[in-house]
C-alpha cells in the first residue's frame, strides 16, 4: 500500500545526544534553524512525536509564522498540520500543550492503550487502535489512505526515529549537528542499538545555519523481504524516470532499470533501446554493464519500471531469465506487463519459479506508464 513520505527531523550534540538530563530542555539548535524547522512544518501534512516527547518537552508543535499559515490556508490546506502522537499504553497528560494548540490531533495506540487514551482525552483527539501491538506500517497506511497524509514530519523521540529507520520506513533524515558536547551516558541519544540496514546513507545536501550544520540523508540499501522499504521506492522511482530517456517506439515499451547491491551501492542502470542497440531491454542493458562474476549480484535487487519480460522475439533469452542467470533473487517493479505485445506475459511467474522474490509497488505505476501512453 502507498505510504507517506516520512521525514525524520532531529538536532544532536557532537557526541550524538538529543538532550541532557537537566530539568530544562537543552536547546541544541539556533534561531535561524528554528525558523527553518518552522518552514518544514508548514510544508508537511502532519507532524508526529512520541508520547514520551510530549511528557518530557511539553511541545506545542505549531507553525509559528503567520505568513506560512496564511500560505497553507490559501493553498486549501488547514492552517496547521495534523498533530499525531503514538503511545503503547495510552498514558497521556490531557493538560499538555500538545492538545490545546494548533489544529486537529490524532493518537495511535494499541487496542488497550486506545481505550485509556480515549477516556483521558475525551473528544480532544481522534484515537485509532492498531491492534495488540503498535505497527508502524499499519499506522502509515492508515495515515495515507484514511487521513490523506502524503508527507509526514517526525520530530522524535529517539526510540521512534530508531524504529522507523530500522524498519526501512524513513525516506529522509534531516539532522542538525550542534557544536557542543553532552557526555552524560544517562542522556537520550538519537538512535538506539539494534539491527539496521546495511550500507551508507546517501547525502542529499549540507548547509551551514549560523553555528549549526544541517545534513540531509536518505537510505539506499534495498529491502530484503516482501515488504517495500523507503529505499525501494527511491530506486524504483529512479528506474521509472530512466524510462523517459528511451528513444520512442511504436512497437516496444519504454522501460528503465537499476541494479543495486545489498549495501545500497548502485551497480548499473539501463533503459530500453539504449545506445546503438535498437532492441536492447532495460534490464539487459543494465546487467551487461556488470561483470558476471561480481559477488554482489547474489544480494542485489533489480528495479524495473515494467515487469521483466518472460518472452521476446528479439533475443534468445528474456529479461526474467537474464536476471536469474545473473544470480539476482529480488526484483521490484511498478507495473505488470500488459497484453499489448505479448499475450499473458508473466515475467513474475518465471522469476518466482526460479527462486526470486518479486515486489510490486502499484503507487508508481502511473509514473512507469507515462512514457508509454501512446501504446496503451
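The values are calculated or read from the model by the stated rules, or taken from the named source; none is laboratory data. The model shown is predicted, which means the values in this text are computed figures rather than measured ones. Here Cβ is always computed from backbone atoms with ideal geometry, including for glycine, and neighbour counts include all displayed protein chains.
Which ones in region 295-314 are in contact with a helix residue (DSSP H, G or I) (Cβ under 7 Å, 6 or more places away or on another chain) and over 15 Å from residue 256 (Cβ atoms)?
So in region 295-314, the residues in contact with a helix residue (DSSP H, G or I) (Cβ under 7 Å, 6 or more places away or on another chain) come out as 297, 302-310.
Hits for region 295-314 are 297, 310.
Hey, could you check region 50-82 for residues that are within 24 Å of the chain's Cα centre (by Cα) and within 18 Å of residue 134 (Cβ to Cβ) and say which is surrounded by the fewest Cβ atoms within 10 Å (Cβ to Cβ)? Checked region 50-82; the qualifying residue surrounded by the fewest Cβ atoms within 10 Å (Cβ to Cβ) is 52.
Kindly establish whether residue 330 is under 29 Å from the mean Cα position of the chain (by Cα), over 21 Å from residue 245 (Cα atoms) and surrounded by 16 or more Cβ atoms within 10 Å (Cβ to Cβ).
The answer is yes for residue 330.
In region 91-191, counting only helices (runs of 4 or more DSSP H) that sit wholly within it, the ones holding 2 or more residues that are within 22 Å of residue 233 (Cβ to Cβ) span 136-145, 158-166.
Answer yes if at least one residue in region 185-194 is over 19 Å from residue 9 (Cα atoms), surrounded by fewer than 20 Cβ atoms within 10 Å (Cβ to Cβ) and touching a helix residue (DSSP H, G or I) at 6+ places or on another chain (Cβ under 6 Å), and no otherwise. Yes. Checking each residue of region 57-66 against the condition of being touching a strand residue (DSSP E or B) at 6+ places or on another chain (Cβ under 6 Å), in the same structural domain as residue 100 (by TED's automatic domain parsing) and within 16 Å of residue 35 (Cβ to Cβ) gives at least one match.
Scanning region 1-56 for residues that are more than 22 Å from residue 104 (Cα to Cα) and assigned to a loop (DSSP other than H, G, I, E, B) yields a total of 19. Checking 122, 192, 158 one by one, the residue that is in contact (Cβ under 8 Å) with a residue 24 or more places away in the chain and at positive phi is 122 and no other. Within region 350-369, being surrounded by fewer than 14 Cβ atoms within 10 Å (Cβ to Cβ) and closer than 15 Å to residue 306 by Cβ holds for 362, 366.
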